[in-house]
1. What's the number of the only condition in (1) within 11 Å of another protein chain (Cβ to nearest Cβ); (2) over 19 Å from A:Thr101 (Cα atoms); (3) exposed (fewer than 13 other Cβ atoms within 10 Å of the Cβ) that B:Arg18 fails to meet?
2. Could you check how many residues of the range B:79-93 are out of contact with any strand residue (DSSP E or B) (no Cβ under 7 Å at 6 or more places or on another chain) and more than 14 Å from chain A (Cβ to nearest Cβ)?
3. With the checklist (1) within 19 Å of B:Tyr91 (Cβ to Cβ); (2) modelled with pLDDT of 95 or more; (3) surrounded by 14 or more Cβ atoms within 10 Å (Cβ to Cβ) in hand, flag the one item A:Asp99 doesn't pass.
4. Among the residues of the range B:55-72, how many are surrounded by 15 or more Cβ atoms within 10 Å (Cβ to Cβ), within 14 Å of another protein chain (Cβ to nearest Cβ) and over 13 Å from A:Tyr106 (Cβ atoms)?
5. Quick check, is A:Arg67 more than 11 Å from every other protein chain (Cβ to nearest Cβ) and closer than 25 Å to B:Ser96 by Cβ?
6. What single numbered condition from (1) touching a residue at least 24 places away in the same chain (Cβ under 8 Å); (2) surrounded by fewer than 17 Cβ atoms within 10 Å (Cβ to Cβ); (3) within 11 Å of another protein chain (Cβ to nearest Cβ); (4) under 24 Å from A:Leu4 (Cα atoms) fails to hold for B:Ser9?
7. Which pairs turn up if I take residues in the range B:54-76 that are more than 19 Å from B:Leu105 (Cβ to Cβ) and look for partners that are among the β-branched types (Val, Ile, Thr) and assigned to a loop (DSSP other than H, G, I, E, B) with beta carbon separation below 9 Å, at least 6 apart in sequence or on another chain?
8. For a quick check of your reading of the model, give me the residue pairs whose first member lies in the range A:99-120 and is at the interface with chain B (Cβ under 10 Å from one of its Cβ atoms) and aromatic (Phe, Trp, Tyr), whose second is surrounded by fewer than 20 Cβ atoms within 10 Å (Cβ to Cβ) and assigned to a strand (DSSP E or B), with beta-carbon atoms closer than 7 Å and at least 6 apart or on different chains.
Amino acid sequence: QVQLVQSGADVKKPGASVKVSCKTFGYTFTDYYLHWLRQAPGQGLERVGRIYPKTGASDCPQKFRGRVTMTTNTSSGTAYMELTSLTPDDTAVYYCARDGTKWVNYFDPWGQGTLVTVSS
Amino acid sequence: DIQMTQSPSSLSAPVGGRVTITCRASQDIGHSLAWYQQKPGKAPRLLMYGASILQSGVPSRLSGSGSGTDFTLTINSLQPEDVASYYCQNYRSADSIAFGQGTRLEIK
């Protein structure tokens, strides 16, 4: 059974950084893209970026470039997303999700989500 | 950028009823459209991909159709467990990934 388990909620001050982890189970970690998405309170879903664990190659939308770093530990099957220079607008639930099918960017399954709160 | 527009933003229907949610893409995306269900406090769940292919475990009273720019999600024989928000997502390419703004479904 494919499963993604994320780290717990975190509270950060403006200007700080946050690192969220996503441990995977039940499939070959290096064979699928791992995506990061977020959802601000009461809002819709937004893509943060993706990483291909086999090569470490990653990409993200322009709005996150320079602020987001995605990494993986292939020995433990864990992905990480670090977001720097946090502002209150970064307050959101952050999700990791796997490609539903290899090389096709719909998402299944999803992690349970990690609430990141940015507040002074 | 490809924009995804969902309508309505909310709707309600009685148990046993039928609802239809529409999703429009600002450019032709072929069949690269997925639908998700999200219940309060939970992660989204994939319902279908390829505009109309049901994910394993999704009841057959849900169906999807469309191609190009116009898509629909239909739920027949509405059940209490269908109360949720529904999102469409374009996955034509990684650069163009975008979600609709969501539709909140309630039981009347």
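1. (1)
2. Residues that pass the stated criteria total 2.
3. Condition not satisfied by A:Asp99: (2).
4. Of the residues in that region, 2 qualify.
5. On the way: more than 11 Å from every other protein chain (Cβ to nearest Cβ): yes; closer than 25 Å to B:Ser96 by Cβ: yes.
Spelling it out, A:Arg67 is indeed more than 11 Å from every other protein chain (Cβ to nearest Cβ) and closer than 25 Å to B:Ser96 by Cβ.
6. Result: B:Ser9 passes all but (4).
7. Short answer, once both residue conditions are applied: B:Ser67/B:Ile29; B:Gly68/B:Ile29; B:Thr69/B:Ile29.
8. A:Tyr106/A:Gly100; A:Phe107/A:Gly100
The values are calculated or read from the model by the stated rules, or taken from the named source; none is laboratory data. Only a predicted model underlies this, so the values are computations on that prediction, with no experimental measurement involved. Heads up, the Cβs are rebuilt from the backbone with ideal geometry, glycines too, and the neighbour counts pull from every protein chain shown.
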